[in-house]
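Working notes, beginning with the structure itself.
The values are calculated or read from the model by the stated rules, or taken from the named source; none is laboratory data. Note that the structure is predicted; figures quoted are calculated from it, not measured. Here Cβ is always computed from backbone atoms with ideal geometry, including for glycine, and neighbour counts include all displayed protein chains.
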Amino acid sequence: MKKGFLDISFSWIFAILIGGIILFAAIYGVGKVSRIQETKVSAETATDIGGLLSSLETSIESAKSIYLKLPVESRIRNKCDSYEGFGRVGISIDEYIKNQWASSGINVYFENKYLFSSDYEEGRGFYAFTKPFEFPFKVANLIYLTSEDEEYCFVGTPLKMQKEIDELNQPNLFTENCEKNTSMIQVCFTKTNCDIVVGLTGKYVRKGTEQVYFDGDALMYAAIFSDKDIYECEVLRLMQRTKELTKIYEDKALRVKEVGCNSDVLTDLNLFESEIGVLNSSKDLAQLKLTSDTLKNGNDHAKCKLW
Amino acid sequence: MRNVNSGKKGQVKIQQMAFMIVTLTIFFILVGLFALSYSYSGLKSSKAALDEKNAMLLVSKLANSPEFSCEGSFGNEKVSCVDFDKVMSLKSSSSKYETFWDFKDIEIRKIYPSTNDCDNEKNIKCVCTEQNYPNCQILKVLSGNSTGNDVSTFVSLCRKESFHGTFYDKCELAKLIVRF
């Protein structure tokens, strides 16, 4: 009796043990595969977004808006690196699945894009628009990304800018009858007690205690829609590209001179290149502005224009 | 005698079970490998599709990017107009742009007016260098990997020329080819 009991018990224990191991391995495997699948979908979405943003960037349009709809509530994370070469921007997607945020941790990097947004934008729908940045020649198209859940109210906007925002037809940007709506982010040009204050004379954008500086409308929008860290990092990346473009224009000036057409801006280009080299933050943009204006003026009046 | 028999029976049972476990393990490993290879092949094909889609978008964007575009130097701003002087300068600083556009290979090939000698890519006289510029047919802006898929777009290739002391804009038809 005792022997039989021992025999059955051993078989059962052995079977349960092995069965348990197989079952555990199967559950673990399924979990792992589903996590890989989620990561794959996130990476694909991030690459797709990058591709969509590419379609925004053509040469001569002034400002254009597109709408991105994602399958689930998501966070589009913007990661900017300004070191090494031209720096890079990383896009990653966190998805809200089973009542929690699932982060893929995979960044899709682009060296040739300049994305301005908060650290992350949250929602299912997103708007993106682009505007060319010229300093004094065209450097890049800047991309501004906002969530459809975040609405901006522009108060006291200069007429030209108001027209431009209205022409974008972006449903989360308002220029009229929105001042009293407290759920909206108030962007003020004439008042100071707002979420975002724009100083057109001092060329600054203030959010609470943080202040950044801009030059031109493209960087002004960039400062409004992005966090300070992202903005400063992207400005440095833009200046890295401006420096390389300056070198290309210096070389072009010499080639044009060889065919006998002097462009008269070579000295200013050399000065501009050395000034860009010492830029540390957006605060230094004002110093560069002087040389940039001189260059623009010189090129506009040159016999052979470089740009 | 009974003890020996029951011991043998037990051994056979354990052997059977061991065989079963080994078979089951091999079966699950094979199923897992099959599932993994299937999902990986899907990943590769979707990456290739996304790469091609992006390349199609980027090649049209490339001609209008500040490093290539004519901007206002040949009259009004033009779309798909490449500044020959600028891309020649870009060629000399191309090492910095190696990873900038996600393309390993960027090439501009003059189509009209064409030179018959330059149909053969190996003719080194046709490839643009500082010595033969601008009388050349093929400009290799980035020359990394010569294998891969091609995507191309037609562009006008413009530069300044002088004739008897006067300057004019000379534009030729060219093809901008990228390889990814």
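Return a yes/no flag: does segment A:129-141 have any residue that is small (Gly, Ala, Ser), in contact (Cβ under 8 Å) with a residue 12 or more places away in the chain and more than 30 Å from A:Gly298 (Cβ to Cβ).
No - not one qualifying residue is present in segment A:129-141.
Do we have A:Phe126 as at pLDDT 90 or above, assigned to a strand (DSSP E or B), of a type outside the set (D, E, K, R) and within 23 Å of A:Asp215 (Cα to Cα) here?
So A:Phe126 fails the test.
Condition test on A:Asn78, is it in a strand (DSSP E or B), in contact (Cβ under 8 Å) with a residue 24 or more places away in the chain and away from chain B (no Cβ under 14 Å)?
Yes, satisfied.
Name every residue in segment B:93-106 that is touching a residue at least 24 places away in the same chain (Cβ under 8 Å) and in contact with a helix residue (DSSP H, G or I) (Cβ under 8 Å, 6 or more places away or on another chain), in order of residue number.
B:Tyr97, B:Trp101, B:Asp102, B:Phe103, B:Ile106, listed by residue number.
Quickly run through segment A:204-214 and pick out the residues that are in contact with a helix residue (DSSP H, G or I) (Cβ under 7 Å, 6 or more places away or on another chain), buried (at least 18 other Cβ atoms within 10 Å of the Cβ) and not hydroxyl-bearing (Ser, Thr, Tyr).
A:Val205, A:Val212, A:Phe214
Does A:Glu164 count as of a type in the set (Asp, Glu) and part of a loop (DSSP other than H, G, I, E, B)?
So A:Glu164 fails the test.
Being outside any helix (DSSP H, G or I), crowded, with 21+ Cβ neighbours inside 10 Å and under 18 Å from the mean Cα position of the chain (by Cα) is the requirement here; does A:Val198 meet it?
For A:Val198, the condition - outside any helix (DSSP H, G or I), crowded, with 21+ Cβ neighbours inside 10 Å and under 18 Å from the mean Cα position of the chain (by Cα) - is not met.
Hey, can you tell me all the residues within segment B:153-177 that are out of contact with any helix residue (DSSP H, G or I) (no Cβ under 7 Å at 6 or more places or on another chain) and among the polar types (S, T, N, Q)?
Residues satisfying the conditions are B:Ser156, B:Ser162, B:Thr166.
Of the residues A:Ile224, A:Ile230, only one is in a helix (DSSP H, G or I), buried (at least 18 other Cβ atoms within 10 Å of the Cβ) and in contact with a Cys (Cβ under 6 Å, 6 or more places away or on another chain); which?
Only one candidate qualifies: A:Ile230.
Within segment A:216-229, is even one residue of a type in the set (Ser, Thr, Tyr) and under 18 Å from the mean Cα position of the chain (by Cα)?
yes
Count, please, the residues in segment A:253-281 that happen to be buried (at least 23 other Cβ atoms within 10 Å of the Cβ) and closer than 21 Å to B:Phe100 by Cα.
Residues flagged as buried (at least 23 other Cβ atoms within 10 Å of the Cβ) and closer than 21 Å to B:Phe100 by Cα within segment A:253-281 amount to 0.
Suppose we filter segment A:286-307 for residues that are basic (Lys, Arg), out of contact with any Cys (no Cβ under 7 Å at 6 or more places or on another chain) and within 14 Å of chain B (Cβ to nearest Cβ); how many remain?
2
Out of all the residues in segment B:79-96, which are surrounded by fewer than 21 Cβ atoms within 10 Å (Cβ to Cβ), more than 7 Å from chain A (Cβ to nearest Cβ) and either over 13 Å from A:Lys247 (Cα atoms) or in contact with a Gly (Cβ under 7 Å, 6 or more places away or on another chain) (or both)?
Residues satisfying the conditions are B:Ser80, B:Ser95.
Is segment B:145-165 home to any residue that is away from every other protein chain (no Cβ under 13 Å), charged (D, E, K, R) and surrounded by 15 or more Cβ atoms within 10 Å (Cβ to Cβ)?
no
Please tell me if A:Tyr114 is out of contact with any His (no Cβ under 7 Å at 6 or more places or on another chain), within 30 Å of A:Gly277 (Cβ to Cβ) and crowded, with 21+ Cβ neighbours inside 10 Å.
Spelling it out, A:Tyr114 is indeed out of contact with any His (no Cβ under 7 Å at 6 or more places or on another chain), within 30 Å of A:Gly277 (Cβ to Cβ) and crowded, with 21+ Cβ neighbours inside 10 Å.
Among the residues of segment B:30-71, what is the count of those that are outside any helix (DSSP H, G or I), within 20 Å of the chain's Cα centre (by Cα) and facing another protein chain (nearest Cβ under 7 Å)?
Number satisfying all stated conditions: 2.
Looking only at segment A:26-42, filter to residues that are within 30 Å of the chain's Cα centre (by Cα) and of a type in the set (A, V, I, L, M); which one of those is farthest from B:Gly32 (Cα to Cα)?
A:Val41
If the requirement is being buried (at least 19 other Cβ atoms within 10 Å of the Cβ), closer than 26 Å to A:Asp227 by Cβ and among the β-branched types (Val, Ile, Thr), which of these qualifies: A:Ile93, A:Ile66, A:Ile106?
Exactly one of A:Ile93, A:Ile66, A:Ile106 is buried (at least 19 other Cβ atoms within 10 Å of the Cβ), closer than 26 Å to A:Asp227 by Cβ and among the β-branched types (Val, Ile, Thr), namely A:Ile93.
Give me the residue from segment B:97-116 that is more than 22 Å from B:Glu161 (Cβ to Cβ) and of a type in the set (D, E, K, R) and, out of that set, farthest from the other protein chains (Cβ to nearest Cβ).
Step by step, filter segment B:97-116, then rank; the result is B:Glu107.
Among the listed residues A:Leu279, A:Leu236, A:Leu290, identify the single one that is in a helix (DSSP H, G or I) and either within 20 Å of B:Phe68 (Cα to Cα) or in contact (Cβ under 8 Å) with a residue 40 or more places away in the chain (or both).
After applying the criteria, what remains is A:Leu236.
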